[in-house]
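Chemist: The structure under discussion is supplied below as structure tokens; questions concerning it will follow.
What follows is calculated from the coordinates using simple rules that are stated; it is not laboratory data. This structure is a prediction, so every number in the text was calculated from the model and none was measured. Because the Cβ atoms are built from the backbone with ideal geometry, glycine has one as well, and the counts that use them run over all protein chains shown.
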Amino acid sequence: MAANSSAQIAPIISIAGLIKHFGRFAALRGVAAEFFAGKIYAILGDNGAGKTTLLRSLAGLAQPTRGTIKILGGTPRQVCAELGYMAHPTLLYEEMSGMENLRYFGKLYGITDEKRCEELIRAVKLEPTLTRPVGQYSQGMRQRMSLARALLNNPKVLLLDEPFSNVDMRSGREMVELLTRLRTEGKTIFVVTHQASLLDGTADEFIWMDSGQIVTRTRTLAEGITNE
Amino acid sequence: MSKPSGIMRATLVKDLRLEWRSKDAINAMLFFALLVVVIFSFSFDPTAEESRHIAGGLIWVAFLFAAVVALNQTWARELRNQVLDGFRVSPAPPNALFLAKAFGNFIFVAVLEMLMAPLFVIFYNLRVIGSFPQLLLLVALGTWALVVNGTFFAAMSLRTRSREIMLPLLLFPISIPAIIGMVNGTTAILTGDDPALFWIVLLATYNLVFTTGSLLLFPTVLHAE
């Protein structure tokens, strides 16, 4: 496991002995890790490695069977206003336009400022005046709108599940640029992805998972591939 | 964070907008209720006097079955794209969502009742002999009894494999006291034979108990995996 240069700084997220069972299937088997503010963490692994379950646990959507998760000193539910979550499905209403979706979800966080929604839509390279429903967007546009939804509450911790899937290379790179800007604002970003190459040179750490456990943490993608 | 009332209003407006665009629930409910009215009218062919005695039961059976269609739709649209997770990760209070859904369903069923009432009058040759304001109050209480439990049990059966079957299995038995109140109260008002006050009080008490129970349990149901 790579030594962490931020060892003296208090971690923003601490996970201890995290176990998650779905019936008899163990999706997470004793995950223990610490993560620090202002970094991009790429979570990698084969299908069924436990990446999405780990992300859902961090988002407070999956309750640990055993173990604890502390984010900013509280449980995920206690600090949910500081978390942004982008799932593999879009979490958007298909019958409403992007702006209508953001307006509604914004209200859940007490955001009534239309400008915030417009800024976010522009930040993901979409047009706020687009009136057609999300159901008629291309897959890439949906992904970008989904990212905008996750950013609505200006979260300190951003949890992204497969943000680059079904997105063309250019849009993928634009999303990575956006994530880099967000990191400079001090946000901690977790990206579950199968397109790790997009984050090569950008992510601060690559977290490799297998069979519900973190098997290694590397500084570079190449280092992790060599270890495999 | 927004006030719970603000979140409730936003969710209600969103649900009404989605229904206005898709018309998933209202079309199915109307068609279903219309079929029940027509089939019953051909099956029984009652006289005006007999109609007044059986109409209470027929009306509420039609509304109950039709309401189940809307209640199933309420949460089904939250499952598409896992939109419900968007609410679950937010700091919004769960009960704001529950009340918005219940009020939304109340509006859908009330619209159905307003559209179907003239048809019942025509097909069953009905006229109110008792108090009309009492009938309105009874209908409002009966409708709330259906939707508050229906909204709660629809949320409970959301993650079950056969949720469309599960909802009536859970809802109908628990609604029996309310259905007795609705049917007897409506019959009492239509015939003018008995006072309906007892049934109105019964429904009000039923609503108080089950609304409180639903509000207490809904946060657990929402965050269940």
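Chemist: Take the Cα gyration tensor of chain B, multiply each eigenvalue by 5, square-root it, and list the three semi-axes largest first, rounded to whole angstrom.
Modeler: On the way: eigenvalues 211, 69, 45 Å².
After scaling each eigenvalue by five and taking roots: 32, 19, 15 Å.
Chemist: Average partner chain C-beta neighbours within 10 Å, per residue of B:84-97? Don't skip to the end; give the middle numbers.
Modeler: Numbers: counts 1, 7, 16, 4, 7, 19, 12, 11, 7, 1, 0, 0, 1, 1.
So the per-residue partner count for this stretch is 6.
Chemist: Between B:I176 and A:H21, what FRET efficiency follows from the Cβ-Cβ distance if R0 is 41 Å, with the result rounded to 0.05? Don't skip to the answer; put the middle values down first.
Modeler: Working: r = 38 Å, r/R0 = 0.93.
Efficiency, rounded to the nearest 0.05: 0.60.
Chemist: Specify which residue in the list A:L61, A:Q78, A:W208 is farthest towards the positive end of the charge dipole of chain A, using unit charges on the beta carbon of Lys, Arg (+1) and Asp, Glu (-1), about the Cα centre.
Modeler: It is A:Q78, whose Cα lies furthest towards the positive end.
Chemist: Each residue of the stretch A:11-20 in order: what ³J(HN,Hα) in whole Hz does its phi give by Karplus 6.51 cos²θ - 1.76 cosθ + 1.60, θ = phi - 60°, with x for Gly and Pro?
Modeler: x, 7, 10, 10, 10, 10, x, 6, 10, 9
Chemist: Residue-wise, which Karplus ³J(HN,Hα) couplings in Hz belong to the stretch B:141-158, taking 6.51 cos²θ - 1.76 cosθ + 1.60, θ = phi - 60°, and x for glycine or proline?
Modeler: Running phi through 6.51 cos²θ - 1.76 cosθ + 1.60 with θ = phi - 60° gives 5, x, 5, 4, 4, 5, 7, 5, 6, x, 5, 5, 6, 5, 5, 5, 8, 4 Hz.
Chemist: Mind giving me the nanometre distance, one decimal, between the label points for A:T220 and B:A76, set 7 Å out from Cα along Cα→Cβ?
Modeler: 5.4
Chemist: Pick from B:L84, B:L16, B:L99: which residue has the top mean-square fluctuation in a GNM of chain B where Cα pairs under 10 Å get a spring?
Modeler: Highest fluctuation of the listed residues: B:L84.
Chemist: Calculate the all-directions average of the projected area of the stretch A:58-164's alpha-carbon convex hull, and give it in nm². Please report the intermediate quantities before stating the final value.
Modeler: Working: hull surface 27.8 nm².
Averaging across all directions leaves 7.0 nm² for the Cα convex hull.
Chemist: Another question about this same structure. As I understand it, the value is the acute angle between the Cα axis of helix B:4-22 and the longest principal axis of the Cα atoms of chain B; what does it come to in degrees, rounded to 10?
Modeler: 70
Chemist: Show me the ranking of peptides B:4-13, B:87-96 by mean Cβ neighbours inside 10 Å, starting with the highest.
Modeler: Working: B:4-13: 18.3, B:87-96: 21.0.
The packing order, highest mean first, is B:87-96, B:4-13.
Chemist: Right, next: Starting from the Cα-Cα distance between B:I122 and B:K23, subtract it from 0.36 nm times their residue separation and give me the gain in nm to one decimal.
Modeler: On the way: separation 99, 0.36 × 99 = 35.64 nm, distance 2.62 nm.
That works out to 33.0 nm of additional length.
Chemist: Hey, what do the phi angles of the stretch A:202-214 turn into as Karplus ³J(HN,Hα) couplings, whole Hz, using 6.51/-1.76/1.60 and θ = phi - 60°, x for Gly and Pro?
Modeler: Each residue's phi maps through the Karplus curve to give 10, 5, 7, 8, 10, 9, 9, 10, 8, 6, x, 9, 7 Hz.
Chemist: For the protein assembly as shown, what is the calculated [θ] at 222 nm in deg cm²/dmol (nearest 500), taking -39500 (n - 2.57) for each run of four or more DSSP H residues and dividing by its residue count? Walk me through the numbers before you get to the answer.
Modeler: Numbers: 15 runs with 255 residues, N = 453.
Estimated from H runs of four or more residues: -19000 deg cm²/dmol.
Chemist: Under a 5 Å amide H to amide H cut-off, with H placed in plane at 1.01 Å, what residues pair with A:L44 once short-range neighbours are removed?
Modeler: Correct list: A:I207, A:W208, A:M209.
Chemist: With each pseudo-label sitting 7 Å past Cα toward Cβ, what's the A:R132-A:T184 distance in nm, one decimal?
Modeler: Taking the two extended label points, one gets 3.4 nm.
Chemist: Could you state the angle between the C-alpha long axis of helix B:197-223 and the longest principal axis of the C-alpha atoms of chain B, as a value from 0 to 90 degrees rounded to the nearest 10?
Modeler: 20
Chemist: On to the next question. Can you tell me the Rg and Dmax of chain A, counting just the alpha carbons, in angstroms?
Modeler: 17.2, 50
Chemist: With no solvent and one point on each alpha carbon, what is the Debye value of log10 I(q)/I(0) for the protein assembly as shown at q = 0.06, 0.07 Å⁻¹?
Modeler: Log10 of I(q)/I(0), two decimals: -0.34, -0.44.
Chemist: Now for a different question. For the stretch B:178-199, list residues with backbone N below 19 Å from a point placed 7 Å from the Cα of B:S131 toward its Cβ?
Modeler: Correct set: B:181-199.
Chemist: If packing is taken as the mean number of other Cβ atoms within 10 Å per residue, what is the order of B:215-225, A:134-144, A:188-198, B:147-157, highest first?
Modeler: Values: B:215-225: 13.8, A:134-144: 18.5, A:188-198: 20.6, B:147-157: 24.9.
Result, highest mean first: B:147-157, A:188-198, A:134-144, B:215-225.
Chemist: B:F42 to B:L215: FRET efficiency via 1/(1 + (r/R0)^6), r the Cβ-Cβ distance, R0 51 Å, to the nearest 0.05?
Modeler: Numbers: r = 42 Å, r/R0 = 0.83.
Calculated transfer efficiency: 0.75.
Chemist: Could you work out, residue by residue across A:108-119, how many beta carbons of other chains sit within 10 Å of that residue's beta carbon, and then give the average as an integer? Intermediate results must be reported in sequence, preceding the final value.
Modeler: Values: counts 15, 6, 8, 2, 3, 0, 0, 0, 0, 0, 0, 0.
Whole-number average of other-chain Cβ neighbours for A:108-119 is 3.
Chemist: What is the distance in Å between the Cα centroid of the stretch B:147-183 and that of the stretch A:173-218?
Modeler: Each part's Cα centre sits 45 Å from the other's.
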